[in-house]
Amino acid sequence: MFHRNPFQTIDRRDALRQLGAGFGTLGLAAMLAPSKPSLAAVPSEAAMNLNSPLAPKVPHFAPKAKHVIQLFMPGGPSQVDTFDFKPEIAKHAGERPELVDRKSLRNTKMGLMPSPYSFKQYGACGKFVSEIFPHVAEWVDDICFIHSMHTDTPEHASAMMMMNAGHLQPTRPSVGSWLVYGLGTENQDLPGFVAMSPRAQPRNKLANWGNAFLPGAYTGTYVNIHEMQPTQIMQDLKNTWLPKLDQRQQADLLTRLNQIDLERQRYDPQLEASIQTMEMAFRMQFAVPDAFDTSDESKETLEMYGDSEYAKGCLLARRLVERGVRMVQLSHSIDGYDIAWDTGHNDIVNGHRKLAEACDQGIAALLKDLKQRGLLEETLVVWGGEFGRAPTSEGQKGRDHDHYGFTTWMAGGGVKGGISFGATDEFGLTAVENRVHVHDLHATILYLMGLDHERLTYRYSGRDYRLTDVHGRVVHEIIA
Amino acid sequence: MNNDPSKNSLAIVLLSINSVRFPAPGIHLFLRALFFATGLCLHAWILADDPASPLVEKPTFTSEQIEFFESRIRPLLVQHCYECHSTDAIKLQAGLYVDSREGLLKGGESGAAVELGKPEKSLLIAAVKYDGYEMPPSRKLEAKEIEALTRWVEMGAPWPEVTSAPGSTKMEGKQDWSQFDWEAARQSHWAWKPIECPAAPPEFAASAGSIVNPIDGFVIAGRAQVGLREAPPASLHILARRIYIDLLGIPPTPDQLHAFIQAASKDRAMAIRSLIDELLASPLYGQRWGRYWLDVARFSDGRGGFLEGDKPLEDAWKYRDWVVNALNSDHPVNDFLRLQIAGDLTGNYSDAIATGFFALGPIYQSDGGDPDSIAQSRAETLDDRVDVLTRGLLGVTGSCARCHDHKFDPIPQQDYYSLAGIFHNSATQSLPLAPRDVVERYNAYKKAVDELNKKIKSAKKKPNKSKEEESTAERNSDTAEEPSPIAQWERELAELEKNAPPALDSAHALQDTGSEDMKIALRGNLLKTGEIAPRRFLRILAGAEPVVFRNGSGRAELAEAIVDPRNPLTARVFVNRIWRHHFGEGLVRTPSNFGTLGEKPTHPELLDWLASEFVRQGWSLKALHRTIMNSATYQLGSDYNETSSQSDGENRYLWRMSPRRMDVEAWRDSLLSVTGELDPSLGGPSLDNIIDSKRRSLYAKVSRNGDVFHSDRFLRLFDFPLMRATVEQRPSSVVPQQYLFLMNSRFIMDRSKALVEHLHRISHSDIDRIRQVYNILFSRPPDAREEEIGTNFLSAVRDGGSLSNWERYAQVLLGSNEFMFVR
């Protein structure tokens, strides 16, 4: 009956499994397990032996994707100047048709402003893309554009929380934390969830990748691309006092003393876990710098990505998912601004062009690189901001926030390529066809990763929390 | 016979357990607990064949099963069936009610809709599968939904008990609270019932275990029911370390340990008693136990980011010090709570600091001025106040009634807004800490200074209007006989400032702003309001018609309602938290949720005895510690026992003391203490980077999101919780980053060096130092094997690195499990 060691406490799940439980499903048992936070899914054999909160877990059902790379565009990129082509705007320039006469944040009374950029068709699907994204445009046949996104607020901080944690206030776990909680991670020598940005952290900082009430093991590890040194990605990663061999001797001594203690405590499982964790930390010291050191990349690869800071993040994102990291959140930022795309208030022409230039080539290279390595199939790439921008003008050359409709695109990871799903009205303000709320996007991301958003729950302060709260619909239409 | 193979196989397992006489009676119990715990109420299920079984007549379901029903099943029934099959149906179809369990069991014209445990025989399941009947007629349910219904029938159709309570039709559609039978509801759940001091349990034979005080009687009675044997008492070494770390958060020094063991060899009980008394009198006690309360108070130094105005709470530390002092002086807990709710209203100005309990909570803001967002932020802020009040002090999840009536407990949405209304009339302010006349004098001074400054400023500005005017002004001033008014004002200002009263100290505190009731916010939206919610206490605790609060915001009256001895929750919740910190788990294992979804007490009578005793002893926390710690139960050994662990792995019956990992504060303080570096001084502003300080971890500056200060980073690494909402219990996780800290951080390196220096000062040989260091760190001598391992490691020749052998060895010992655990 006891396959591990004779003294270990038998737990419920063990017992159920060993009794050959023929009733219901174990998923139910796990969900209904009392007092302890219910695990999302039944841990695999490996996970149970590892005893680690980060060990890989079996998903609810067969996943389409194993990793997520979120290319987060804080500040709100304008849909009608990037991927949601609306020729009708130009025909009604300066007018304020009823369709766009809606309250925006500042309630401007200005009329429609045509996009300053030209659009051109690309790919077999003939998708219109703005001139500021020429590299990404080459990949439209692999991309699924969702033009009918909408969210609950036109304010940055709250909308960013909605996009990254499913709630308007910074009180809930981030998407990546939920994923690692539900699935564990594949490489025990690296963090399961890495958040990166060049220079400025996105507004709300840690809350975008925080674990909130989930156990600390599920928090995102933040890396600033600008200041990055591979040996200092994580706190206290490098031992500056001892060479590796001497450190190993110390680790062995610690294990020996802990083993003696473990014997004395009759194999308390809690103690056993800590011995394994120490070994994991020992390996991390070397695995982490290796993952972040790009000096072994070929010249062609480096050239393909280009030398922007965001592109470096894209390259690191590939290296991380290649090594089994569950989720990478790469936020855009230039000029140290925490809501970069918000320069769109004053000046779409220069602001958006500059921002697109800083990320376009890197993103295209990431898609190409993932595809070449056969990683795109199992990696879901998600691009988008917390909301979009209105087709009407604010001041002379800018646009105000628009949470009624905006564009997010996804690629790889089991979504259909070369399609555009949902639509905004003829001017691009409001999502009118096949509307997709942020909760629906989250439900879909979890689904692609093999998780049922209604069953991925965590008990906290007297109730079971979900990423999607009481909402969310999986957008099956876009799944390949 | 039934044909369900899975059911048969389980029945066989159970039968064999029942028929074979196991040497360990605990196994049967364990399996029973197991099946109950996993939500598969096996007994009810198997016995469902037997109509006489009491379990069928009066089913008991776990809270998990009820939740499964509430989250998966009831919504289905409401959405798809109620229109035609409920008491609300305009025209009932087929005589079938699906809005009660009885209705489903009784069935309609075609017979019972549900056969417990037998989905394949249940009409309900057949109908939703479109097998014979086709229900709901509009469209077939999704496979997932059918599967959920099937599982639910398999479980024995769990349904919340409250529906069968007299007068209660709760959660059957919209509840008419004016008709609700509050008295019946109060009798339906243990936590709403009044605290009744139980008689001490019957005496037990000495063989059953040792009895020092009534606690032991209750615990032994519990264990006797299930045939569990208690662990032997803890050794004196272990007990000393346990008591020190428990009360002070640091281990005993070798001298303290020695003195205790000497005393205990004469009279064990007496030595323990005096040690507890001695430590309770130490100021280090308040620093240790104050921190536990700060978790409940979700205490932080502010800077919650954009959505909270990003403001630091400069005076937050005053509330922290107030808590520490209150505990050190054994301030009666009822008054301790009273002041935290309404201290600003006592007339004693320094009491206002205590309201930091609420005032230091998050104040959510809008990031742009959108009216919906402003309302949402306001609602979120009020929710924080109601949440910390209800979960923190009452163990009730009041916030669940913010958008709709509470789904599980009898808390109408109106009751939520009755409480929220109190905070709607209480502003968070920086209050001056001085008697009124001093404040008035200071304000008058401030006003005079401001006015003069304003006059001077505007007079100086005037000449700038134009070049011409300026030059005229200059000429004028050059030639003017009479002194400029500016000079006069400046003289006055200098005079005022010379005699300036000292600046006023201030604290974050609540202050009444009005006396206006709120209206119910429909679906939690403050912009869409419903009926008025008079400010008053929760009806489940205060009865159908609670006294309406009329005095200002109503906080003073609220405070009295909280500490009213007739309130069944406050004392229970408080003693349970204290118990939890002594034993690792509470008697109720959901310390902030005593509601129907919380866990039931493992020892209900003991809980009530402790609560009554606590009130009887004048709400003295120190007396409570003494009662608990002098019990034989507290002094049990923590030895693992295979048999007991198989029956009761979670130690619900307290057959031993559960070993525990120290929290981050105790662990860091202990590291500084064993190296002789700890600075135990009391109070003062919080420290940005606690890791560079020698002060106690309690004094770390902590931000709301745990992302601003260096201190945050260190604390969060070791499970320090997010101070966004009241903390029910801390997780204890083991992650690699912690070991990176142990292996590579400057902090650990410095402690290792300090420890080695200390050892070299007090001792001259390696073997003696090894013995000393085991005593210092683990409160015990090393055994022969450990001495040998140490000697070998220290004598090895090494070629690299900048640490001495002793420093390497010390680092390993400081990072060991034994040091981190309390046993």
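Numbers for the structure displayed
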quantity	calculated
Cα-centre dipole for the range A:114-209 with unit charges at Cβ (Lys and Arg positive, Asp and Glu negative), debye to 20	340 debye
B:LYS311-B:ILE767 FRET efficiency (beta carbon distance; Förster radius 45 Å; 0.05 resolution)	0.20
Backbone HN-Hα couplings from phi across the range B:674-680 [Karplus 6.51/-1.76/1.60, Hz, Gly and Pro as x]	5, 8, x, 9, 4, 9, x
Long-range amide H partners of A:ARG459 with built H, under 5 Å	A:SER38, A:TYR465
Simple label model, 7 Å out from Cα along Cβ direction - A:TYR460 to B:SER100, nm	3.9 nm
The range A:149-252: relative contact order as a whole-number percent, Cα under 8 Å and 6+ apart	24 percent
Projected label distance in nm at A:LYS354 and A:GLU138, using a 7 Å step from Cα toward the beta-carbon	2.6 nm
Sum of side-chain charges, A:TYR122 neighbourhood, beta-carbon under 10 Å (Lys, Arg +1; Asp, Glu -1)	0
Unsatisfied cross-links (Cα-Cα over 29 Å) in the set A:LYS103/B:LYS407; B:LYS318/B:LYS519; A:LYS86/A:LYS416; A:LYS86/A:LYS299; A:LYS91/A:LYS397; A:LYS66/A:LYS120	A:LYS103/B:LYS407; B:LYS318/B:LYS519; A:LYS86/A:LYS299; A:LYS66/A:LYS120
Ranked by how many other beta carbons lie within 10 Å on average, peptides B:636-648, B:214-226, A:245-257, B:383-395 from highest	B:383-395, B:214-226, B:636-648, A:245-257
Burial ordering of B:ARG771, A:ARG318, B:ARG491, fewest other beta-carbon atoms within 10 Å first	B:ARG491, B:ARG771, A:ARG318
Virtual paramagnetic centre 7 Å along Cα→Cβ of A:THR294, amide N under 14 Å, in the range A:206-249	A:224-230
Rel. contact order, % - alpha carbon contacts under 8 angstrom, at least six apart, the range A:379-480	23 percent
Eligible lysines near B:LYS461 by straight Cα distance, threshold 23 Å, same-chain separation 8 or greater	B:LYS446, B:LYS447
Ranked by how many other beta carbons lie within 10 Å on average, peptides B:147-158, A:299-310 from highest	B:147-158, A:299-310
Interchain or long-range residues, amide H under 5 Å from A:TYR222's placed H	A:ALA195
Gain in span if fully extended, B:GLU134 to B:SER110, counting 0.36 nm per residue against the direct Cα distance	7.3 nm
Integer Hz, Karplus 6.51/-1.76/1.60 couplings in order for the range B:295-301, x for Gly and Pro	5, 4, 7, 6, 5, 8, 8
Sequence-separation-based contact order of chain B, relative, with Cα cut under 8 Å and 6+ spacing, percent	15 percent
Cα-projected label distance for A:ARG283 with B:SER350, points at 7 Å along beta-carbon direction, nm	5.7 nm
Top positive-direction residue, dipole computed over the range A:84-154 with Cβ charges, set A:PHE133, A:THR153, A:LEU105	A:LEU105
Förster radius 35 Å - calculated FRET efficiency between B:SER178 and A:GLU95 (Cβ-Cβ, nearest 0.05)	0.05
Residues B:ASP176, A:ASP261, B:ASP564, sorted so that the one with the fewest Cβ neighbours within 10 Å comes first	B:ASP176, B:ASP564, A:ASP261
Sum of -39500 (n - 2.57) over DSSP H runs of 4+, divided by residues of chain A (222 nm, nearest 500)	-9000 deg cm²/dmol
Calculated FRET value between B:ALA259 and B:ALA199, using beta carbons and R₀ = 35 Å, to 0.05	0.35
J(HN,Hα) series, the range A:99-115, from Karplus relation 6.51 cos²θ - 1.76 cosθ + 1.60, nearest Hz, glycine and proline x	4, 9, 7, 10, 5, 10, 4, 9, 6, 5, 10, 7, x, 5, 10, x, 5
Calculated [θ] (222 nm, deg cm²/dmol) that DSSP helices of n ≥ 4 give over chain B, each run adding -39,500 (n - 2.57)	-14500 deg cm²/dmol
A:GLU186 long-range amide H proximity, modeled H, under 5 Å	A:ARG326
Percent of C-alpha pairs per 20 Å bin, the protein assembly as shown, short to long	9, 35, 38, 15, 2, 0, 0
Exercise: per-residue mean of other protein chain Cβ atoms within 10 Å, B:742-754	3
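Quick note: the coordinates plus some simple rules give every number you see, no bench work behind them. For clarity, every value in this text was computed on a predicted model and none was experimentally measured. We place every Cβ from the backbone using ideal geometry, glycine too, and count neighbours over all the protein chains shown.
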